[in-house]
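To keep things clear, I will list the structure first and then write my remarks on it.
The values are calculated or read from the model by the stated rules, or taken from the named source; none is laboratory data. Note that this is a predicted model, so its numbers are computed, not measured. Glycine also receives a Cβ, built like all others from the backbone with ideal geometry; neighbour counts cover every protein chain displayed.
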Amino acid sequence: MPELPEVETIRRDLAEQVIGLTISAIQVLDDRVIRNCSARQFCRQCLGKTITTVTRRGKAIVIQFSPPGYAIIQPMMTGHLVYDPVGEKVTDRDTKIVFTLSNQSRLNYNDQRLFGRIQYVDDLKKIEFFRHIGPEPLEKEFTVDWLKLNLEKRSGPIKSLLMNQHFIAGIGNIYASEILFRSRISPRRSARRLKREEIALLHRATVDILKEAVSLRGTSMRNYRDLSGTKGNFMNRIKVYGREQEKCLQCKTPITKIVQAGRSTFYCKRCQR
């Protein structure tokens, strides 16, 4: 599933290409990806509107229009956007929606397994998920003091908490594993039992790894590609995720895989305590 760095990469690319353009046509090939209204209503709300900003909240892309309105795109596990600057690419079987823009370019939403969702709203407060999502880890509100205060209230394993979107926005399985490895913290540790110096390391690792991953345009372990179809490069810096039984790059101990809350966790038993 695309996490913060992948979605942020798409957001930045999209902002460069589509801001100022108007939606001139929409072709809905599979209306199951539209979640809060009919395909006809979605098209009526978006057609003729100009894209003014492209922002991100957690793992969701927010496209703002003029006249006012918002399209919310949550790629989830298999959804992705493909930009065709000349409007000539043939849609494939995974293409669910085609947006034609005023310069004749096209923006396709592809989703092989229909896990993603697209919604139109006139007020972001109507998106229930946004009302309960945690702070952005790359924004100034995410501080060591905030993290310490809120970890003290939680008794579950730190790995599961990092992936909880109500706690922190945008972190998924890949980056949670990598953040904990760099912090030298076991994913099994209770969140509330972390010491302040460990929390400071956790905060620094979270910010640094997410920034690095954004600068390298994300991680392409499976389906993720950027807006032009190119793989992300952070996969070349992965230390533990997906490396079960391979040697730890620091101490040569085999990487361990466990399951937490139904998700695979990878870590080094020697480096992470």
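What to note about this one:
- Of all the criteria given as (1) assigned to a loop (DSSP other than H, G, I, E, B); (2) within 30 Å of E197 (Cα to Cα); (3) charged (D, E, K, R), the one not satisfied by K89 is (2).
- Subset of region 54-70 [under 20 Å from S24 (Cα atoms), under 18 Å from the mean Cα position of the chain (by Cα) and among the hydroxyl-bearing types (S, T, Y)]: none
- Residue in region 199-212 that is outside the structural domain of R57 (by TED's automatic domain parsing), modelled with pLDDT under 95 and touching a Pro at 6+ places or on another chain (Cβ under 7 Å) present: no
- When I97 is tested against (1) of a type in the set (A, V, I, L, M, F, W, C); (2) modelled with pLDDT of 95 or more; (3) loosely packed, with under 15 Cβ neighbours inside 10 Å, exactly one condition is not met: (3).
- The single condition among (1) under 25 Å from R225 (Cβ atoms); (2) in a helix (DSSP H, G or I); (3) touching a Lys or Arg at 6+ places or on another chain (Cβ under 9 Å); (4) among the aromatic types (F, W, Y) that F130 does not satisfy is (1).
- Within region 100-119, the set of residues being crowded, with 19+ Cβ neighbours inside 10 Å, touching an Asp or Glu at 6+ places or on another chain (Cβ under 8 Å) and closer than 18 Å to T52 by Cα comprises R106, L107.
- Taken over region 250-268, the criterion of being in a loop (DSSP other than H, G, I, E, B) and exposed (fewer than 15 other Cβ atoms within 10 Å of the Cβ) is satisfied by Q250, C251, K252, T253, A261, G262.
- G116, sole failed condition from (1) out of contact with any Gly (no Cβ under 8 Å at 6 or more places or on another chain); (2) outside the structural domain of R184 (by TED's automatic domain parsing): (1)
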